[in-house]
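Taking it in order: structure first as structure tokens, then the write-up.
Quick note: the coordinates plus some simple rules give every number you see, no bench work behind them. What you see is a predicted model; the values in this text were computed from it and never measured. Cβ sites come from the backbone with ideal geometry, for glycine too, and all protein chains shown count toward neighbours.
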Amino acid sequence: MRSKFENSSSTLTSKMKYLSFLSLISFAIHSNAESTEISNSAPKVEASQQIIHQSHGIAMHGDLKYAEGFKHFDYAEPDAPQGGSIQLASRGGFDSLNPFIIKGTPAAGLNRLGQGMLYDSLTTQSNDEPFSQYGAIAKTIIWPEDRSYVTYKLEPAAKFHDGEAIQSDDVKFTFEMLTQKGHPLYSSYYGNVSKVETPDNLTVTFYFENTTNKELALIIGQLPILPKHYWENKEFNKTSLTPPLGSGPYKIKSVDPGRSIVYERVKDWWGKDKGINKGSHNFNEVRYDYYRDDTVAIEALKAGQFDLRVENSSKEWATSYNGPLFTEGKMVKQLIEHDNPSGMQGFAFNIRRAPFNDKKVREALGYLFDFEWTNKSLFYGAYTRTNSFFENSELASSGLPTGEELEILEGFKDQLPQEVFTKAFQVPTTDGSGNIRNNMRKAIRLFKSAGWQLKDGKMVDKNGQQMSFEITLASPTFERVVLPFQKSLKRVGIQVDIRTIDVQQYVKRYQAFDFDMIVSTFGQSSSPGNEQRDFWHSSEADNQGSRNVIGIKNPVIDQLIELIIQAPTRESLVARTRALDRVLLWNHYVIPQWHLPAYRVVFWNKFGYPKDKKTHYFTTNTWWSASKE
């Protein structure tokens, strides 16, 4: 969720991806294994009739970049010194150290996957491949050619911070706990897992309902593994500020509720010498301080109260980071370009509510947002207009559909807007002067075709009720963008209220779908798959806490999502994703905003970091302290 930001692309995180594998030997004894039955639809696979893969990693499509026994990822510096500290900032506050449930606001450094700092997972994703996973807690991954199941052979050395070994029972317990009591996204992502077996302490197998969801053999691996002996007698679905037991490179050192959290590096961390971790997690201490206001945070950064900020405001980037601190080299202002999918940021409609349940109304409202004027007047011309939910990637649709994409869409021709086949999608544009009369006329015509008319200066329905709605924001810094939009809406007789609330209240309303319109982001990776269900699938529209904040219930989109998940090749994945993109765009579920294919980073000049090594995501995990502290 990035509604407080001008630009989502610089803060996108990796999508929820996971991984899994199975051995021919363990397959023979599964009939007597301890088993979690989720349904009766586990596939019957004859192991002798197909190729069984056994490896240190798995790729979604194609081959792994890194061979077995690799020393480090290319984007990490294996000899980076360890020590020192880094202080970071976050906005709002927090009231929980449990990121796995829908209740509460988790502290910075924790996320729904729970990976990175406090917890280890079965596998780790490399940041310089489209989608490949390498063993972490899992030493070996085994799977059949059809990916109907996956087995993990665990690292015997893997342990939790209290010294207890990580075993297959912990993996099984975690899966059950997260899918039954955790955040709804877990039951969505893992909905096609039919059975879990643990034939011994170091082997766990996940069976899948079908052989079409090829991504499951990867996304299972990103499951954060929780200690059964710690959680089994505790209430998992309640918020808590008691530091939990982890297994990752850091543990929680101290907590000042709502104000700060400090992590300290685990010096005897079991995974520190693995190739996937070499050159990473270099700071002895990582601290997050909370600020209620971005302006205060920026001044605190320049005063040395924290060390690094990824800036999302073009105004602040242009005006706030100048002067002696920068000319003398004490602070660094760096634009780091990337070619990652920028995803979509836009004004998101809650189509559960009128009048946004009418596609023509949504399309009409899109004509009233003047991006060109906004970009020139407010953003110093920094941004590019977004025309795709998969912007800045080969996954984005463009022009008219052709080839496999066209074949897919023609199968749904009678259920799609005709424009899908006859017009290249393009967001409405203006000349940037602030005069949008032509767009206003087009909008009024669309409103009229939807049963609305401009009467006595008000846009009213057949009952004389004026069109009105509220735009809910989490930060006052975005008001300067929304106020001109509000003014344009008022000119065609629409009453719009802008309401800015604190972050924690915003999160609660966001999760409960208690809003008319918000500014939302839909981050994408270069390998879309199961997470698309959480964004757009009908089954998630009424599931509070899901990322289907728009409320989409569209059977064509549901089927396109399944086609993406089942894509047999990279080429098919691209074609199917473009088809989904095109259908999302022509249904006008959002008013697209803008993107920047770069990270804007400001930091004190006391860090080292790998130079000229492009990755899919910006992270300080591979940075190190260069100061003599």
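Here the scattering of the range 344-595 is modelled by Debye summation over its C-alpha atoms, one equal scatterer each and no solvent; at q = 0.12, 0.13, 0.16, 0.18 Å⁻¹ the log10 of I(q)/I(0) is -0.72, -0.85, -1.29, -1.55.
The alpha-carbon atoms of the range 529-577 define a convex hull whose volume equals 61 cubic angstrom per residue. With R₀ fixed at 35 Å, the C-beta to C-beta distance from Gln559 to Thr295 puts the FRET efficiency at about 0.15. Cβ crowding within 10 Å ranks Phe73, Phe347 as Phe347, Phe73, fewest other Cβ atoms first. Less than 5 angstrom separates the built amide H of His53 from those of Trp143, Glu145, all sequence-distant by 5 or more or on a different chain. Residue by residue, the range 195-202 carries 3J(HN,Hα) couplings of 7, 10, 10, 10, x, 8, 5, 10 Hz when phi is fed to the Karplus relation 6.51 cos²θ - 1.76 cosθ + 1.60 (θ = phi - 60°); x denotes Gly or Pro. Of Lys413/Lys508; Lys315/Lys606; Lys172/Lys214, which ones are farther than 31 Å apart at the Cα? Violating the 31 Å Cα-Cα cut-off are Lys413/Lys508.
Listed peptides 205-216, 417-428, 482-493 appear in the order 205-216, 482-493, 417-428 once ranked by packing, highest mean of other Cβ atoms within 10 Å at the front. The residues Asp534, Asp200, Asp146, Asp63, when put in order of fewest to most other Cβ atoms within 10 Å, stand as Asp63, Asp200, Asp146, Asp534.
Using equal-weight Cα scatterers in the Debye expression, the normalised intensity of the range 289-413 in log10 at q = 0.18, 0.22, 0.23 Å⁻¹ is -1.19, -1.36, -1.38.
Each other residue within a Cβ distance under 12 Å of Lys103 adds +1 if Lys or Arg and -1 if Asp or Glu, for a net charge of +1. In terms of surrounding Cβ atoms within a 10 Å radius of their Cβ, Tyr609, Tyr510, Tyr367 rank from fewest to most as Tyr609, Tyr510, Tyr367. Our coupling estimate for the range 286-296, obtained by passing each phi through the Karplus curve with A = 6.51, B = -1.76, C = 1.60 and θ = phi - 60°, is 10, 10, 10, 10, 9, 10, 7, 9, 5, 4, 5 Hz, Gly and Pro reported as x.
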